[in-house]
Amino acid sequence: MKANSDGDKIMKVNTSWPKNLLFSCIALVLFASVLEAGASVLWMIRRPLYGSDTLMHDPILHHKWVPNAFWMDHNPKIPFAMYTNAQSWPQKGDIAFAKPAGVFRIFFLGDSNVQGVVRSEERMVSLVQEKLKAKKSILQYQVVNTGTCSYSILPYYMLIKHKIAPYFSPDLVVICVDMTDVPNDYEYRNSVAEFDAEGFPVRFKDSPEGRKVVLTPFSSRLQTFPEALLDFAKSSSKFVFFMDYYMKYWRNKASVSLGPSTFHDYVKGPANWMALQYTPEIESNIAYSMRVLGKAIDILHEHKVKVLVIGVPHYPQFTGEWSAKPHKILETTARLHGADFFNLYEALKPEVLGASRADAYYWAIDPSHFNQKGQALWAKYLLAYFDTHNILP
């Protein structure tokens, strides 16, 4: 009897596992459904934007910020709010086509350094705006920030030709050329840009080879299969979206410092104009970008617009690890086309080298972007240049 009893118990154990598995599957599906429902409610309350979700393709500019949006950016280890207006520019308030009487309109063009990876009120452009508001003048100064991450000279040219010059009546355009711009131009030229008979860009394709282009701080690249798979999962599940969002948030909060040598890996190559020695290919790519910059200046002059060119320096240029030659090249191009040039590298050099810490004016995790003090220093010297060179009326 005992043997039979034990056998019965064994039979019961062996035959119950399908029910247990079914119960576990049902429980798992219910649990996942609850998580997905909660994520969907949170999505309806406020959808967080992050990374590529904050950008959209544009055939004229390659990409632009999602318009009329708000999100929190955690990349520099301090959260800051990003607002965009109807023109997809990183500021509150839309810019009307018609310029009001008595207004002197200033446009700042640039990449993420002009956008400012700091709080809105701490950006160079915002600080300039506040100082000019307090300036005693019969004119009202309107300062517009068009800074967009991973922009370069090709998108500046397109923005000037197709939007700013013909429609917004600018009085002064400040073109802030970042040290990543020539490498970025090279990437765009060899992946998504299309050109006219003279070699100037006319449009940007969405992506080459039917694959999505991923923007990095220094260039663009094709999306990998794991990234495409994650994008599909995020588009299919709100819960997966939020998981990815918060994992990136905490990873950025815990990110380690990166030295200049690490970041140099991103910009070395056939268009690295910060190289200590130029190859013929580097010189050719620099010449192309300067030709497009010169054409952009000429277009603005045709519309009777004053132009100021600024080179935005990276920290390793001050230490000599990277070349400072790009600033001289930009000055030559600006002068050749009748534009003013402000040598920000030379203006900042004494204070940057005199600082006790390498991250006094740049982010410790990123020697290519100004922190709050760096943005303020930039605004200080730019305003001084405005005064000493009679840039503003």
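The values are calculated or read from the model by the stated rules, or taken from the named source; none is laboratory data. Worth saying up front: this structure is predicted, and the values here are computed from it rather than measured. Note that each Cβ is placed from the backbone with ideal geometry, even for glycine, and that neighbours are counted across all protein chains shown.
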Q: Search region 318-336 for residues that are aromatic (Phe, Trp, Tyr) and pair each with any residue that is assigned to a loop (DSSP other than H, G, I, E, B) and surrounded by 16 or more Cβ atoms within 10 Å (Cβ to Cβ) when their beta-carbon atoms are under 7 Å apart and the residues are at least 6 apart or on different chains.
A: Trp322/Met274; Trp322/His314
Q: Test Met247 against the stated conditions and say whether it is modelled with pLDDT under 70 and over 20 Å from the mean Cα position of the chain (by Cα).
A: yes
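Return yes when Lys328 is over 17 Å from Val174 (Cα atoms) and either assigned to a helix (DSSP H, G or I) or among the acidic types (Asp, Glu) (or both) and no when it is not.
On the way: over 17 Å from Val174 (Cα atoms): yes; either assigned to a helix (DSSP H, G or I) or among the acidic types (Asp, Glu) (or both): yes.
Judged against the criteria, Lys328 is a match.
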(Q) Among the residues in region 70-80, are any closer than 28 Å to Glu194 by Cβ, in contact with a strand residue (DSSP E or B) (Cβ under 6 Å, 6 or more places away or on another chain) and touching a residue at least 24 places away in the same chain (Cβ under 8 Å)? (A) no
Q. Which condition breaks for Leu308 when tested against (1) under 27 Å from Leu392 (Cβ atoms); (2) outside any strand (DSSP E or B); (3) not polar (S, T, N, Q)?
A. (2)
**Q.** Tally of residues being surrounded by 21 or more Cβ atoms within 10 Å (Cβ to Cβ), farther than 23 Å from Ile297 by Cα and either touching a strand residue (DSSP E or B) at 6+ places or on another chain (Cβ under 7 Å) or acidic (Asp, Glu) (or both) across region 339-370
**A.** 6
Q. Would you pick out the residues in region 227-242 that are assigned to a helix (DSSP H, G or I) and within 18 Å of Leu35 (Cβ to Cβ)?
A. Leu230, Ala233, Lys234, Ser235, Ser236, Lys238, Phe239, Val240, Phe241, Phe242
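Being at pLDDT below 65 and more than 30 Å from Ser112 (Cβ to Cβ) is true for just one of Lys9, Lys19. Which residue is that? Don't jump to the end; show me each part of the working.
Values: Lys19 fails: at pLDDT below 65.
Only one candidate qualifies: Lys9.
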(Q) Looking at region 194-213 only, could you name the residues that are at pLDDT 60 or above and closer than 16 Å to Met56 by Cα? (A) Arg203, Phe204, Lys205, Asp206, Ser207, Lys212
Q. Looking at this structure, is Leu383 touching a strand residue (DSSP E or B) at 6+ places or on another chain (Cβ under 8 Å) and closer than 18 Å to Lys135 by Cα?
A. no
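Here is a check on your reading of the model: is Pro350 in a helix (DSSP H, G or I) and over 30 Å from Asp171 (Cβ atoms)? Give the steps one after another, and end with the answer.
Numbers: in a helix (DSSP H, G or I): yes; over 30 Å from Asp171 (Cβ atoms): yes.
Judged against the criteria, Pro350 is a match.
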